[in-house]
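Notes for the one structure printed next.
The values are calculated or read from the model by the stated rules, or taken from the named source; none is laboratory data. Nothing here was measured: the structure is a model prediction, and the numbers come from that model. Every residue, glycine among them, receives a Cβ derived from its backbone with ideal geometry; neighbour counts consider all protein chains shown.
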Amino acid sequence: MARLLLCEDDPRMRRLLSKQLERIADFEVIGACSAGEQVVEAVRAHEPELLLLDLELPGIDGLGVIEALSAEELLPQLEVLILTSFRSELRVFQAMQAGAAGYLVKGLAASVLERAIRDVLAGGTVIEARLAKRFWNHFSACQGRGGDDCGLSATEREVLQVVARGLSNPEAAEALGASRRSIKAHLSSIYRKLGVKGRVEASVKALSIGLIEL
C-alpha cells in the first residue's frame, strides 16, 4: 500500500485529488494539507512515501516546502511530485533541482496521475511533455569538464549516467543487469558522496563537474 500525502490550498481540488487517489486499491491518502507550513509536521506524523505538492501556495510555497523538507533531512526517502497550474519554467526547474522527482500540470486524467505516481515511487523522474526537452537542455547546459570524481566508483558513475536519463530504478536495473536492491543501494551511496538529496540534484551536480554526459 503506497502512502500518499497531499498539499493543495484549493479545497475543491484537494477533495477531487483525494477521491481520485482513494479509488486506487493500493494507494492510501494518509493526509491532506492546505498550507505549506503544515507539511513538515504531517510528514513526520504520518511518514508518507510520496508528497503530491502544489507549487503555488500561500505563505510557504512549494519550493519553500521542498527546501524545508531537505533541511529536516526528510528527502530523498520521501518522494515529491509537483502537481500545479504554475507555469514558470524557472520555478519548476528550481523545485526539481531542490529535490522534487517530477512535475505535472493540473487537470490531467486520473490514469495519467496514477502512472506518474507509480513511476516516481519506482524511482523514476516524471516531467510534463511540454517541458521535458527544455528541462534536460537546461541542465545539459550545466555540463562541465571532467575533474573530481567525488569518490564515486565506476559502477556508481554508470548507475548515475543511466538514472540521469530518466530511467526508474527497475529500468536502470534491467539496463545494467543488476538487481533493484543494488540500484537503490548505489543511489544512496551516490547521494551521500555528492552531498545531495535526490536523483535530479545528483544529475545536475554530476553534469556540472563532468562526471556524466547527457
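So the values come out like this:
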read-out	value
Enumeration of residues in segment 194-214 that are among the basic types (Lys, Arg) and either in a helix (DSSP H, G or I) or modelled with pLDDT of 80 or more (or both)	199, 205
Elements of type helices (runs of 4 or more DSSP H) contained in segment 8-109, each with 2 or more residues being farther than 21 Å from residue 127 by Cα	11-22, 39-46, 62-71
Residue satisfying condition, being more than 21 Å from residue 10 (Cβ to Cβ) and modelled with pLDDT under 95, within set 63, 78	78
Close pairs from segment 174-186: first touching a residue at least 24 places away in the same chain (Cβ under 8 Å), partner of a type in the set (Val, Ile, Thr), Cβ under 6 Å, at least 6 apart	186/159
Considering residues of segment 85-98 that are touching a Leu at 6+ places or on another chain (Cβ under 7 Å) and surrounded by fewer than 23 Cβ atoms within 10 Å (Cβ to Cβ) only, the residue modelled with the lowest pLDDT	86
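Residues are listed down the side, and each one gets a yes or a no for (1) part of a helix (DSSP H, G or I); (2) of a type in the set (Lys, Arg); (3) at pLDDT 90 or above:
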{"position": "167", "(1), (2), (3)": "no, no, no"}
{"position": "171", "(1), (2), (3)": "yes, no, no"}
{"position": "186", "(1), (2), (3)": "yes, no, yes"}
{"position": "192", "(1), (2), (3)": "yes, yes, no"}
